Amino acid sequence: MKETYYNKEDLKKFGQITEWQKELGDKFFDYYGSVFKEGALTEREKSLIALAVSHAVQCPYCIEAYTSDLLKKGVDEEQMMEAVHVTAAIKSGAALVHGVQMMNQVNDKLM
Amino acid sequence: MLKSLKKQNHKLSSPEGQIEVLDDAEAINIPAFKDKISDIGLLPLKPTSIEIFQVNVGKMCNQVCAHCHVDAGPDRKEIMTQETMQQCLDAIRDTDIKTVDLTGGAPEMNPSFRWFVEELSAMGKQVIVRCNLTIILANPKYNDLPEFFKKHNVNVVSSLPYFTAKRTDAQRGDGVFDKSIKALQMLNAVGYGKKGTGLKLDLVYNPAGAFLPGDQGTLLDQFTKKLLEYDIEFNELFAITNLPVSRFLEYLVKTEKYEDYMNELVNAFNPMAAQGVMCRNTLSVSWDGYLYDCDFNQMLELKVNAPSHIQEFDIDALTKREIILNQHCYGCTAGAGSSCGGTTA
């Protein structure tokens, strides 16, 4: 039997988190809705950022939600993949930049 | 090339087969569309007026698009006769209907297409042609269509599902994108889509899959920018939702996306969009002269609640009729709404 902690159907139930703590849940969704409204950035730009961040936090629900959202917004495959590469570049860069710490340690420890 | 559902003897090629799937709302746990319309006080749904006379002059087409709600293709032989066209002309001559919207299949493949356009133009009607673009290049006899359209000031409305070859070709067939770009350049060359010419070239975007179209204005910005890379200009972009009818319904059922898609449509139900659905100002005529509330009801053979053949055209009865609704109507009321002229709200 195929069973995972992640269930695709759970994405549809996201709104139900307000049932156990309405005040905080409502505040979250109000905030969330405001964040993604057109502002200094367009809705399209915010969705592309969200897609990239979804990959960074490795949230399958977010990846599905923002892939669907970007398809609706008419964004093409190349643009979506470039957003994912931004994530990959930052994540790999974040690992590599710690190499300086390693170099510092090595330089400190060696004669 | 793909065969039409009809050629395949597919169950969903028949209106009865499609309605059987659509009518089973309980199986996918969605409300009846009529109840939704009743909830917002619009039942019975009535026309506001009849402004657009849409004529499907035949199901023959040079393309076999994966989402086609007409199930059109080269193997479809249904074609409107000149006699039926004459009946259409006689019916609308002394009415306030100002716009005649010609569709198909590829309407240009009807042997009497040019005669019909000339007669409508002479009558002072504004003619819209739903041109699939590739027809202009399909055969030398169609190469002069841009000049013909220009001569009669036809409003050309062309499907271009997307501004990349991958998504366009996946929906409409290999090579369609490149041919469409060439055809758009030919239309631009005679003045279509250019400022100051008055020659209108509009594009139709519909999603290449089981999702809703996004904001029409945002899509217009992207199409404008991307098509300028090919030196193409156009006027409007109409964002249209794919309705669960014919080949798109078959795609949804086959890929097990039907339930999710219908739920998405229901969840996106917009009362404002419902106010402006196209069946309230449009009448649709089939290749064999029958009258329908819209092109989709035509494909499901849900004839108007009034004398239903062009020979018995009765504008008063048609203006007072009750529009026939079914579950596919959710497609026109989702989000910003959908009609042949794009969003409705």
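Taking the criterion of being under 20 Å from the mean Cα position of the chain (by Cα), surrounded by fewer than 21 Cβ atoms within 10 Å (Cβ to Cβ) and either assigned to a loop (DSSP other than H, G, I, E, B) or within 14 Å of chain A (Cβ to nearest Cβ) (or both), the residues of the range B:187-205 that qualify are B:LYS200, B:VAL204.
Any residue at all in the range B:215-227 that is away from every other protein chain (no Cβ under 14 Å), modelled with pLDDT of 95 or more and surrounded by 18 or more Cβ atoms within 10 Å (Cβ to Cβ)? Quick ask: steps written out before the conclusion?
Restricting attention to the range B:215-227, the residues satisfying the condition of being away from every other protein chain (no Cβ under 14 Å) are none.
No, there is no match, as no residue in the range B:215-227 is away from every other protein chain (no Cβ under 14 Å), modelled with pLDDT of 95 or more and surrounded by 18 or more Cβ atoms within 10 Å (Cβ to Cβ).
Screening B:ASP23 on (1) buried (at least 17 other Cβ atoms within 10 Å of the Cβ); (2) touching a residue at least 40 places away in the same chain (Cβ under 8 Å) shows it passes everything except condition (1).
Only one of the numbered conditions (1) within 30 Å of B:ASN263 (Cβ to Cβ); (2) charged (D, E, K, R); (3) part of a helix (DSSP H, G or I) is not met by B:LYS46, and that is (3). Among the residues of the range A:89-103, at least one is more than 28 Å from A:PHE14 (Cα to Cα), away from chain B (no Cβ under 14 Å) and within 14 Å of the chain's Cα centre (by Cα).
From B:LEU184, B:LEU133, which residue is out of contact with any Cys (no Cβ under 6 Å at 6 or more places or on another chain), away from chain A (no Cβ under 14 Å), in a loop (DSSP other than H, G, I, E, B) and surrounded by 19 or more Cβ atoms within 10 Å (Cβ to Cβ)?
Working: B:LEU184 fails: in a loop (DSSP other than H, G, I, E, B).
On inspection, the qualifying residue turns out to be B:LEU133.
Sort out for me the helices (runs of 4 or more DSSP H) sitting completely within the range A:28-98 that have 2 or more residues that are modelled with pLDDT of 95 or more and in contact with a Lys or Arg (Cβ under 9 Å, 6 or more places away or on another chain).
Working: elements: A:43-56, A:60-72, A:77-97.
So the answer is A:43-56, A:60-72.
Evaluated against (1) closer than 24 Å to B:VAL55 by Cα; (2) without any contact (Cβ under 8 Å) to a residue 40 or more places away in the chain; (3) within 14 Å of chain A (Cβ to nearest Cβ), B:VAL127 falls short on exactly one condition, (3).
If you go through the range A:50-80 and pick out every residue that is within 14 Å of chain B (Cβ to nearest Cβ) and among the hydrophobic types (A, V, I, L, M, F, W, C), you end up with 5.
The values are calculated or read from the model by the stated rules, or taken from the named source; none is laboratory data. Keep in mind it's a predicted model, so treat the numbers as computed, not measured. FYI the Cβ positions are ideal-geometry reconstructions off the backbone, even for glycines, and counts take in every protein chain you see.
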